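One structure is given here, and the rest of the page talks about it.
The values are calculated or read from the model by the stated rules, or taken from the named source; none is laboratory data. Note that the structure is a prediction, hence the values are computed from the model and not measured. Here Cβ is always computed from backbone atoms with ideal geometry, including for glycine, and neighbour counts include all displayed protein chains.
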Amino acid sequence: MTSVTVLGLGPMGHALATAFTAAGHPTTVWNRTPEKGDDLNAIVADTATEAITASPLVVVCVLNHQVARSLLDTDALKGRTLVNFTGGSPRQARAMATWAAEHDIGYIDGVIMATPAAIGGPEAALFYSGSGDAYETHRPALAALGENANYLGEDPGRAAAFDASLQDLFWTAMSGVVHTFALAAAENIGPSDIAGHAKAMLGFFSDMIDQVARQVAAGHFPGDDSTITSAAAAMDHILGTIRANDLDNGVLSAARAEMQRAIDAGYGSEGVGRLAAL
């Protein structure tokens with residue numbers, strides 16, 4: 001069993017350490033407030049450097065990359081593998097990988113698409129990118145965090161890019177969900193009256209995602225089912241209702257402006273998938 005170090009015991013870091021210990025990996029942890037490790041079956045180190053030197057595999061999960069860099073002793077990490085679960089951008093991940101290579105540190109950037117409670121189970125989706133050799137070496141230990149692991153390639157920024165793209169979908173959709181209830185309430189429609197219909201509408205999104213993916217891959221955007229021009233007209237009707245109820249229209253107005261740019265560029269008769277390729 002590979003020895004593992006976990007730096008950072010916030011809710012996610014604590015869940016990571018718990019999963020490693022549950023799988024039988026000797027685990028050393030460090031946190032600025034050491035009592036957060038008292039309930040773990042792990043060694044609580046006095047310093048981050050002490051924790052790093054305890055294991056060939058070092059996992060860091062803290063607030064941001066700046067905090068992570070401040071904790072990481074390059075001399076102690078030399079020759080070890082660092083798995084960085086600290087959230088950040090693809091550019092930050094690539095910069096961290098460059099820094100690691102300069103100090104002879106194996107680097108894997110990691111993204112967790114799950115809640116802390118899901119860590120260690122089949123629901124936890126994990127994305128990894130960076131050193132393929134380092135990933136293969138430590139894949140058995142990382143398997144303790146969840147069965148749904150995806151290694152995305154040598155580009156260390158690729159996992160963060162997947163995260164940013166998927167989170168873009170999630171938060172844009174969530175904005176639409178909460179705005180649906182706000183607009184419905186303004187028109188005296190109760191949440192329980194519209195929730196089921198909203199779920200039914202979202203049900204066909206899976207097929208739409210596949211359709212747009214095929215069109216983007218082929219570079220061909222037929223408007224057989226719906227065109228950008230017709231979608232823009234529908235948006236105008238919706239925006240009129242939103243404005244009449246004095247609700248915020250920023251998100252839909254931005255989407256409508258994107259449609260207009262496509263129409264002005266001569267793509268009005270094509271399908272909305274064209275917007276992904278402008």
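Below, the figures for the structure above:
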{"quantity": "The listed residue being of a type outside the set (Ser, Thr, Tyr), closer than 30 Å to residue 113 by Cβ, touching an Asp or Glu at 6+ places or on another chain (Cβ under 8 Å) and in a helix (DSSP H, G or I), out of 275, 183", "calculated": "275"}
{"quantity": "Only listed residue being closer than 23 Å to residue 149 by Cβ, assigned by TED's automatic domain parsing to the domain that holds residue 137, of a type outside the set (Phe, Trp, Tyr) and at pLDDT 95 or above, chosen from 48, 54, 76, 42", "calculated": "42"}
{"quantity": "Residue selected from the stretch 56-74 under the condition touching a residue at least 12 places away in the same chain (Cβ under 8 Å) and assigned to a helix (DSSP H, G or I), by the criterion nearest to residue 104 (Cα to Cα)", "calculated": "74"}
{"quantity": "Filtered residue count, the stretch 102-111, keeping only those that are surrounded by fewer than 22 Cβ atoms within 10 Å (Cβ to Cβ) and under 16 Å from residue 58 (Cα atoms)", "calculated": "2"}
{"quantity": "Residues of the stretch 236-251 that turn out to be within 29 Å of the chain's Cα centre (by Cα) and surrounded by 17 or more Cβ atoms within 10 Å (Cβ to Cβ), as a count", "calculated": "1"}
{"quantity": "Unmet requirement for residue 266, which otherwise passes all of (1) of a type outside the set (A, V, I, L, M, F, W, C); (2) at negative phi; (3) not in a helix (DSSP H, G or I)", "calculated": "(2)"}
{"quantity": "Where a residue in the stretch 215-239 is farther than 13 Å from residue 274 by Cβ and its partner, wherever it lies, is of a type in the set (Asp, Glu) and at pLDDT 95 or above, with Cβ under 8 Å and at least six apart", "calculated": "none"}
